[in-house]
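Only the coordinates and a few stated rules stand behind these numbers; no lab work does. These figures come from a predicted structure and were not determined experimentally. Because the Cβ atoms are built from the backbone with ideal geometry, glycine has one as well, and the counts that use them run over all protein chains shown.
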Amino acid sequence: MLEVGIKAPDFELPDQNGKIHRLSDYAGKKVILYFYPKDNTAGCTKQACGFSERYPQFTEKGAVILGVSKDSIASHKRFEEKYGLAFTLLADPERKVIEAYDVWKEKKNYGKISMGVVRTTYLIDECGIIIKANDKVRAADDPENMLKELA
């Protein structure tokens, strides 16, 4: 996980519609950049729907939400349409950004060790500095917790 107080690495990734986004595009806004393991899984769906339900409150506070996983553009599009998600999902199948943000880690699941995305949320300020970093994210609670961080 990256440290609070450092400049967030810029990136360039396509969204669920194939449009390219860069972190630098959002200079002047707070960015909630959250990394999640997989589209259409229970925890990831809870987290995404929570952010989507609160989307108007985030935009009121001048914040942008960007969700990142290694799923494809097509997978993101299906996920967005299935749940009516109101924010941007970024596809990182080559894990360039996932690795730049240090969220590709060894994970243990039922005693089996594998590599995967550790659910992590970063809050990046208007100048591109990480002001909050959390890798102990509970999917269902993350959207509400991030909203409180913006208060």
17 Å Cα-Cα reach of Lys108 towards aspartates and glutamates, excluding residues that sit fewer than 8 places from it in its own chain: Asp135
Fewest Cβ neighbours within 10 Å first, please rank Cys49, Cys127, Cys44 accordingly. Cys127, Cys49, Cys44
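Using DSSP, restrict attention to beta bridges with both residues in the chain and report what percent are antiparallel, rounded to the nearest 5. It would help to have the intermediate numbers written out before the result.
Working: 20 of 30 bridges.
Given both bridge residues lie in the chain, the antiparallel proportion sits at roughly 65 percent.
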Note down the nm distance, to one decimal, between modelled labels 7 Å out along Cα→Cβ at Lys29 and at Ile113. 4.1
What's the magnitude of the charge dipole for the chain around its Cα centre, counting Lys and Arg as +1 and Asp and Glu as -1 at the beta-carbon? Answer in Debye, nearest 20. 440
First measure r as the distance between the Cβ atoms of Ile20 and Glu149, then evaluate 1/(1 + (r/R0)^6) with R0 = 30 Å and state the FRET efficiency to the nearest 0.05. 0.65
In whole Å, what are the Cα extents of the stretch 52-136 along the three principal axes, biggest one first? 43, 32, 24
Across Gln57, Gln47, Gln16, the residue with the highest GNM fluctuation in the chain (Cα network, 10 Å cutoff) is Gln57
For a test of the definition: using alpha carbon positions, the gyration tensor, and the 1.5 limit on a/c, classify the stretch 98-151 as rounded, prolate or oblate. oblate
How far apart, in nm, are two points set 7 Å out from the Cα along the Cα-to-Cβ line at Tyr83 and at Asp141? 1.9
Checking the cross-link filter: which lysines have an alpha carbon closer than 18 Å to that of Lys132, excluding same-chain neighbours under 8 positions apart? Lys7, Lys29, Lys30, Lys61, Lys148
Give a quick list of GluC sites (Glu not before Pro) in the stretch 52-105 that DSSP marks as loop, anything other than H, G, I, E or B, with at most 10 other Cβ atoms within 10 Å. Glu94
Among DSSP bridges having both ends in the stretch 65-136, what percentage is antiparallel? Round to the nearest 5. 70
Rg followed by Dmax, in Å, when the chain is reduced to its Cα trace: 14.2, 44
Hey, which lysines would be in cross-link range of Lys105, C-alpha to C-alpha under 17 Å, not counting anything within fewer than 8 residues on its own chain? Lys38, Lys70, Lys96, Lys136
